[in-house]
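Below is one structure, written out as C-alpha cells, with a few remarks after it.
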Amino acid sequence: MRQDRAWSEARGVGRGTWNERGRGRRERIRIAGGYLVTAALLAVVLSQVPWAVVASALGGDVPTYDDAARSATAPTTVTAAADEHAQEQTGPGAGGPASAAAQPWRGRLRVEAWDRTFPVTDVSVRDDGALVPPDDVDALGRWDRGARPGDGTGAVVLVVHRDSSAEGRGPFAALGDLPRASTVTLTGTTYELADVTTYAKDRLPAARVFGQEGRERLVIVTCGGSYSTTRGWDSNVVATFVPSAG
C-alpha cells in the first residue's frame, strides 16, 4: 500500500512538472507568433511607402528613380559648361550659331539594344546657361552648336531627360546599363559605345563633352547619381560613342 501511494505521488509530481513545461512552451510559441505577425504587418506597411519617404526620414538621398522623382519640378539640365564652351567654337565644323539658326536639324536615333528609335531635334543653351532636353522622355535634343552626324570631327551632343513628372521613368534612365560596343545609329551614321561615365554636375568636363576638336564622336547626356526633392539629380551620366568601323 505504501509503495502504491509513493508511486502515485511520484506520478503526480511528474505530471505537474510536465504541465508546467507545456505551459512554458506554449507561452514561448505565443510570444514568437506575436513577433512574426508584427514583422509581417510592418513589411506590408513599408511595401506601401515609397523609399523616398523612408530615405528622407533617414536624411539620405534616393539612389534611383522612384515615386518622388515623378513629382519633381526641377528640369533635367546640362550645366552651363555648354554655354561656356560654345563661346570658344568657331567655323562651320563647330556648327556655328548662324548656320544652326538658318537650318534647324532633325534626326532619329536608333538604339539597337533596346530595339527602339527616338526623334531628335535641335536645342539651344538658354539664357541661364542650361541646355534643356525636349519635355518628352522619349525625345532627345541635339546641341545646336555642336557637330552633326557625318561631319568627321567634333562632338555630336544629345541631351535627354531621365524622367519627368508627367511620364515617370524614361528609357534613357538605363543609359548606363548599355553593354560596351552597343551600337546606335543617328540619321545614317552608326556609332559604337566606347565609355559611360557619371560626373557630379558641377564637375562635368566641358572639353570632353562639348569639345569640337578631334575625331567625330556621339555624346549622350542624361541625369543620374542620387535624387533629392530639393535639388533634383546631382550628377550627369555621359555615354560616348565612336563611329563604327563597319
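Please give the net charge around Ala194, taking every other residue with its beta carbon less than 9 angstrom from that of Ala194, where Lys and Arg add +1 and Asp and Glu add -1.
Local net charge: 0.
By how many nm would the segment from Arg116 to Thr187 lengthen if fully extended, with 0.36 nm per residue of separation less the alpha-carbon distance?
Between Arg116 and Thr187, full extension yields 24.2 nm more.
Rounded to the nearest 0.05, what FRET efficiency is calculated for Ala130 and Arg208 with R0 set to 22 Å and r the Cβ-Cβ distance?
0.70
We did not get these values from a lab; they are worked out from the coordinates using the rules stated. The structure displayed is predicted, hence computed values, not measured ones. All Cβ positions, glycine included, derive from the backbone under ideal geometry; neighbour counts span all protein chains shown.
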